[in-house]
Amino acid sequence: MATTVYVLNGPNLNLLGTREPEIYGRATLKDVEALCRDAGQRHGFEIVFHQSNHEGALVDWIQEARRKAAGIVINPAAYTHTSVAILDALLASDLPVIEVHISNVHAREPFRRHSYISPAARAVICGFGVNGYVLAIDGLAAMLASSKG
Ligand code: DQA
């Protein structure tokens, strides 16, 4: 059975491509999904890819991943800076979690420097643009391979 990896995206990431392109670039969420599926294929992962503007939907998918997946890649978007609910869901999942941000959140407004999510993350990637998702999947693959060994 293929290893399943959930790639979850928070609010406003459905607008990628047209949303503040000087910060987030021109790639659309469909492009990001294609990048993730390519990276997943290289590692033999089945990628489950979702985006929602609603905190509860993200919590539900994390709870689903807890039963079905070997790891989670998540860009919680603005919920990064607000959501104890997403932190708690990720902690409960007991899965390796990679937190991704397209932009370098540390070079932006001060409120973006704090993440409620990072305590649940095995690694954090930011500032590589949408390629950060590929780096996250590659990194997760290395983690899963070394934990098997
Ligand atoms: C983001 C950074 C967040 O601060 C912001 O709210 C987002 C996107 C990023 O990918 O750079 O929506 O997570």
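General remarks:
- Positive contributions from Lys and Arg (+1) and negative ones from Asp and Glu (-1), summed over other residues with Cβ under 10 Å from the Cβ of residue 48, come out at -1.
- For segment 132-149 versus segment 67-120, the gap between their alpha-carbon centres in whole angstrom: 17 Å
- Sequence-distant residues sharing a close amide H with residue 3 (under 5 Å, placed H): 46
- With a simple spin-label model that places each label point 7 Å from the Cα along the Cα-to-Cβ direction, the separation between residue 23 and residue 111 comes to 1.1 nm.
- Within the shell defined by Cβ-Cβ distances under 12 Å, the residues around residue 38 carry a net charge of -1, with Lys and Arg each +1 and Asp and Glu each -1.
- The accessible surface of the chain, taken with every protein chain in place and a 1.4 Å probe, is 52 percent carbon and sulfur.
- J(HN,Hα) series, segment 39-47, from Karplus relation 6.51 cos²θ - 1.76 cosθ + 1.60, nearest Hz, glycine and proline x: 4, x, 4, 4, 9, x, 9, 8, 9
- Under 12 Å, Cβ to Cβ, from residue 69 - net charge with Lys/Arg +1 and Asp/Glu -1: 0
- The 3J(HN,Hα) values that the Karplus relation (6.51, -1.76, 1.60; θ = phi - 60°) gives for segment 114-127 are, in residue order, 9, 10, 6, 8, 3, x, 9, 9, 6, 7, 10, 10, 8, x Hz. Gly and Pro appear as x.
- Around the amide H of residue 101, modelled in the peptide plane, lie the amide H atoms of 125, 126, 127, all under 5 Å away and 5 or more residues distant in sequence or on another chain.
- Heavy-atom surface of the chain, accessible at 1.4 Å and reported per residue (Å²): 49 Å²
- 3J(HN,Hα) couplings calculated from phi for segment 73-90 with the Karplus curve 6.51 cos²θ - 1.76 cosθ + 1.60 (θ = phi - 60°) are, in sequence order, 10, 9, 10, x, 6, 5, 5, 3, 9, 9, 9, 6, 4, 6, 4, 4, 5, 5 Hz; Gly and Pro show x.
- Legend: calculated FRET efficiency, residue 67 to residue 12, from the Cβ-Cβ distance at R0 = 41 Å, rounded to 0.05, equals 0.90.
The values are calculated or read from the model by the stated rules, or taken from the named source; none is laboratory data. Fair warning: this is a prediction, and the values are worked out from it, not measured in the lab. So basically every Cβ, Gly included, is an ideal-geometry build from the backbone, and we count neighbours across all protein chains shown. Accessible surface areas use protein heavy atoms only, side chains included; no ligands, DNA or RNA. Shrake-Rupley method; radii C 1.70, N 1.55, O 1.52, S 1.80 Å.
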